[in-house]
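Chemist: First, the structure itself, so that you have it in front of you.
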Amino acid sequence: MTAPPGVRPIQRAGHIGYVDNRFCGRGVFGELAATTRNPIDLLLLAVGVRDLPAGDLELFRCMALCLCSPDARVWPLKLTRTLAAYGNPYAGFFGAQLANHSDRMGPGTASNGAASLAWIAALVGPDPDDAAVDAAVARHLAERGRIAGFGVPFRPEDERLVALTRMLADHPATGRRHWRLHLQVATAMRAREGLPPNIVVALAALLLDVGLAPHRAGLLVSLLMAPSFAAHAVEAADHGPELQELPAEVIDYQ
């Protein structure tokens, strides 16, 4: 259904029809059924990434793999288990998502990192030298504050970033503008702040290079992280009563 001339549609996400449904401007049972290669295609379409080349789907497979860090000691995943321990995996999965948006940790930082990288890219142009990037980083820190995607707590380097870099070593994406820029920004941040990069700044670069708007990066990263939350939610709902109340004798508060 098309809006009359001069009338802005209330929503473009989709519409249920008698013969075919519509999703983000595409026919579901016809066009999308013929072209969708993977459920990730639908997630990308939902956040505004359209007509991705087939080779770039590999980027999202690698991102999803490297974001698979399902350790219950990480507090959002611990929250998943605690909520789901009462027998409801929905409460665990979705409750933790509501607490997972932050500009300091978690997938929400990807939006901040992408915004910072896009700001630096606009300032330095398409093929900057290291000195220009270093000056732009200094200006960002002075005028806009921290750049998300730097700092690796409790370990010398982010193993997720190491794995992602290895997986994409021969991919054409590593020659694109924002990927090359994020490496220069990482060099500048090490020199100025003593901070190593983490996976967030690399994700921001990849997402900008496929055309994703910076403010949508956090939501997409949340969606890619869903398997880790789902695994804890399902397991705790099935076997989690012990998390409702831990015996005092097993608690060592430090």
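The values are calculated or read from the model by the stated rules, or taken from the named source; none is laboratory data. Everything quoted here is computed from the prediction, not taken from an experiment. So basically every Cβ, Gly included, is an ideal-geometry build from the backbone, and we count neighbours across all protein chains shown. The area values use the complete protein model at the heavy-atom level, side chains included, leaving out ligands, DNA and RNA. Shrake-Rupley method; radii C 1.70, N 1.55, O 1.52, S 1.80 Å.
Chemist: Protein chains only, probe 1.4 Å: how do Asp127, Asp41, Asp20 rank by accessible area, largest first?
Modeler: Numbers: Asp127 125, Asp41 25, Asp20 50 Å².
Ranking Asp127, Asp41, Asp20 by accessible area, largest first, yields Asp127, Asp20, Asp41.
Chemist: Ignoring everything except DSSP H segments at least 4 long, calculate the 222 nm mean residue ellipticity for the chain; use -39,500 (n - 2.57) per segment, divide by total residues, nearest 500.
Modeler: Details: 11 runs with 128 residues, N = 254.
Helices in the chain give a 222 nm mean residue ellipticity of -15500 deg cm²/dmol.
Chemist: Determine how large the accessible area of Glu159 is when every protein chain is in place; take a 1.4 Å probe and give Å² rounded to the nearest 10.
Modeler: 100
Chemist: Working with all protein chains in place, sort Thr109, Thr35, Thr174 by solvent-accessible area computed with a 1.4 Å probe, largest first.
Modeler: Thr35, Thr174, Thr109
Chemist: Sticking with this structure for a sec: Roughly speaking, to the nearest percent, how much of segment 99-246's 1.4 Å accessible area is carbon and sulfur? It would help to have the intermediate numbers written out before the result.
Modeler: Details: 3950 of 7160 Å².
With neighbouring chains kept in place, the figure for segment 99-246 is 55 percent.
Chemist: Just to verify a number: FRET efficiency for Asp130 and Ala163, C-beta to C-beta distance, R0 = 25 Å, to 0.05? List each step's numbers first, then the result.
Modeler: Values: r = 26 Å, r/R0 = 1.04.
Efficiency computed from Cβ-Cβ geometry: 0.45.
Chemist: Moving on. State the Cα centre-to-centre distance between segment 1-68 and segment 139-194 in whole Å.
Modeler: Segment 1-68 and segment 139-194 have Cα centres separated by 30 Å.
Chemist: Quick one: give the max-minus-min coordinate of the C-alpha atoms of the chain along each principal axis, largest first, in Å.
Modeler: Cα extents, longest axis first: 59, 58, 37 Å.
Chemist: Rg to Rh ratio, segment 176-254, alpha-carbon atoms and Kirkwood radius?
Modeler: Over the Cα atoms of segment 176-254, Rg/Rh equals 1.22.
Chemist: Taking just the alpha-carbon atoms of segment 103-254, what radius of gyration and Dmax come out, in angstrom?
Modeler: 18.6, 61
Chemist: Now for a separate question. Which value, in nm² and rounded to one decimal, describes the direction-averaged projected area of the C-alpha convex hull of segment 73-171?
Modeler: Answer in nm², one decimal: 8.9.
Chemist: In a Debye calculation with equal point scatterers on the alpha-carbon sites of segment 1-96 and no solvent, what is log10 I(q)/I(0) at q = 0.12, 0.15, 0.20 Å⁻¹?
Modeler: Relative scattering, expressed as log10 I(q)/I(0), comes to -0.65, -0.86, -1.00.
Chemist: Evaluate the relative contact order of the chain (contact order divided by residue number), counting alpha-carbon pairs under 8 angstrom at least 6 apart; express in whole percent.
Modeler: Relative contact order of the chain: 28 percent.
Chemist: Mind checking the per residue accessible area of the chain for me, 1.4 Å probe, whole number of Å²? Write out the running numbers ahead of the final one.
Modeler: Details: 14500 Å² over 254 residues.
I get 57 Å² per residue for the chain.
Chemist: Still on this structure, I have one more. Taking 8 Å as the Cα distance limit and 6 or more residues as the minimum spacing, I'd like the relative contact order of segment 44-114 as a percentage. List each step's numbers first, then the result.
Modeler: Numbers: 38 pairs, mean separation 10.8, N = 71.
Relative contact order, segment 44-114: 15 percent.
Chemist: Now for a separate question. Between Leu57 and Gln254, what is the FRET efficiency for a Förster distance of 45 Å, r being their Cβ-Cβ separation, to the nearest 0.05?
Modeler: 0.50
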